1. Which one of these is farther than 21 Å from residue 228 by Cα, at pLDDT 95 or above and crowded, with 18+ Cβ neighbours inside 10 Å: 255, 283?
2. Which members of region 29-54 meet the condition of being surrounded by 16 or more Cβ atoms within 10 Å (Cβ to Cβ) and part of a loop (DSSP other than H, G, I, E, B)?
3. Checking the condition surrounded by 21 or more Cβ atoms within 10 Å (Cβ to Cβ) and assigned to a loop (DSSP other than H, G, I, E, B), which residue from 153, 185 passes?
4. Any residue that is assigned to a loop (DSSP other than H, G, I, E, B) and either of a type in the set (Ser, Thr, Tyr) or buried (at least 19 other Cβ atoms within 10 Å of the Cβ) (or both) - is there at least one of those in region 100-116?
5. Does residue 85 qualify as being closer than 28 Å to residue 387 by Cα and of a type in the set (A, V, I, L, M, F, W, C)?
6. Only residues in region 81-109 that are closer than 17 Å to residue 61 by Cβ count as the first member; pair them with residues that are of a type in the set (Phe, Trp, Tyr), Cβ under 6 angstrom, at least 6 apart or cross-chain, and list the lot.
7. Return the residue satisfying two criteria in turn: it lies in region 379-418 and is of a type in the set (Lys, Arg) and out of contact with any Lys or Arg (no Cβ under 8 Å at 6 or more places or on another chain), and of such residues it is farthest from residue 341 (Cα to Cα).
8. Can you name the residue in region 61-85 that is surrounded by 16 or more Cβ atoms within 10 Å (Cβ to Cβ) and in contact with a Pro (Cβ under 9 Å, 6 or more places away or on another chain) and, of all such residues, is nearest to residue 16 (Cα to Cα)?
Amino acid sequence: MNDISPIALRGSFPADFVFGVATSSWQIEGDSQSRGESIWDRFAKIPGAIVDGSTGDPACDHINRLDEDVALIENLGVGAYRFSVSWPRFMPDGRGAVSADGAGFYDRLIDSLLERGIQPSMTCYHWDLPQVLQDKGGWLNPDMGRWFADYAHALGERYGDRVSMVATLNEPWVSAYLGYAAGVHAPGEVKSAHALEVAYRLMVASGLGIRALRDSGVTNPGLVLNLTTVRLDQPGAEAAREHIDLLHNVFFTDLLAGRGVPEKLIANTEAITDWSFVTDEGLDIAAEPISWLGVNYYTPLRVGRPADTQSDAVGQSLAAFPGVPAATTRPKPPFTTMGWEVDPSGLTATLRDTARALPEVPLWVTENGAAYADHVVDGEVYDPDRVSYLRGHLQAAAEAIAEGVDLRGYFCWSLLDNLEWAEGRTQTFGIVHVDPQTMERIPKASYEFYRSVVTA
């Protein structure tokens, strides 16, 4: 698989297939003093919450290095750039007044991309909720969906005529379960009942956001989910595998398809919640039609019988799966430095399963990439493991298309080494190295490989 040439790899995709690269606001922007406080700013102040104590400043200093970073995107030769808007930068109080400086920054970014023939792909919410709204209950507040819709409408009015795609949310599973069940992401709560409720309310908020975006003139609104294939590693763990699949995948695709909350999930979690927060109106809103679905895929989940030791793979703790029967996650080598199993076939399977669950919805791979321990040697970064990862997963995406999946594009994660949320600077996903002290950018071998594919 890994011997395919860049020219042959590019030739396995349709001529109009879109290649891109992605980032998110809190991870790269820096300059938190010029915006409102986010839940991640507050979370980063908790001792031990971020592995290495990193904060949102300076991140990658993208605020001050916009031109340099756009030049890197242009040189890469990609057709699109996926970024997220910082809600507290655009709307510091969470509601109402828009910041002229904050909104102006995204104007400059979008216009700079368009001048270079790069399509902007905008995400409204990538986890950095204004702290002022968290103080009002955050995603547990029934009014949050309406507040998010107002914010999305304001974004659509401001930028909708210049962006090619707009996503409401990025990975609501992460926001709900890592933020409210496992407690390893902001806001750092550990309460399974709240996690289940937040997952539902996020999907309702997305539906309201889709309506608001269309009302503002946006013609191509969508949603981004981190879906994956959940594999049975050993006999005896069938119930756990099914439950994890329900929480990670089926819950979200069923809501989008109008099938409601899966009855099996309700039964499995009856000791945690009675799901009384679910309403017919909410289910109707969550099923609001989307123009496209983004799939973020990094690794499969492999489930086995209980063991004396649990996997230390980031984000795979069973604490993130409320109601799961006794089991363990069992990733197999080779691993990234996140402890994630490298398995390109999982991307093909995930895209295939998603297309079956939502047969009328075009798909995009909106994030795919890998963290490895990179080293600068003589001013260069040679990262053959990441090159191999990207080659294998690009091939897997092409195989999904060959099987009939309506896959329109692929975004590599990430343009820059950045703040990897709770992992701080200890994990590097970028195809461009960023020196944490000087902020110097050095394109890696993976950058050159990806460029050779997209420009072939």
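The values are calculated or read from the model by the stated rules, or taken from the named source; none is laboratory data. Since the structure is predicted, the reported quantities are computational estimates derived from the model, not experimental observations. Glycine gets a Cβ as well: all are built from the backbone with ideal geometry, and neighbour counts include every protein chain shown.
1. Details: 255 fails: farther than 21 Å from residue 228 by Cα.
Checking each option against the conditions leaves just 283.
2. 29, 30, 31, 35, 36, 37, 49, 50, 54
3. Numbers: 153 fails: assigned to a loop (DSSP other than H, G, I, E, B).
Only one candidate passes the filter, namely 185.
4. Of the residues in region 100-116, the ones assigned to a loop (DSSP other than H, G, I, E, B) are 116.
Now drop any that are not either of a type in the set (Ser, Thr, Tyr) or buried (at least 19 other Cβ atoms within 10 Å of the Cβ) (or both), which leaves none.
Among the residues of region 100-116, not one is assigned to a loop (DSSP other than H, G, I, E, B) and either of a type in the set (Ser, Thr, Tyr) or buried (at least 19 other Cβ atoms within 10 Å of the Cβ) (or both), which makes the answer no.
5. no
6. That search, which allows pairs on different chains as well, returns 102/90.
7. Within region 379-418, the match that is farthest from residue 341 (Cα to Cα) is 408.
8. Residue satisfying both the conditions and the ranking: 80.
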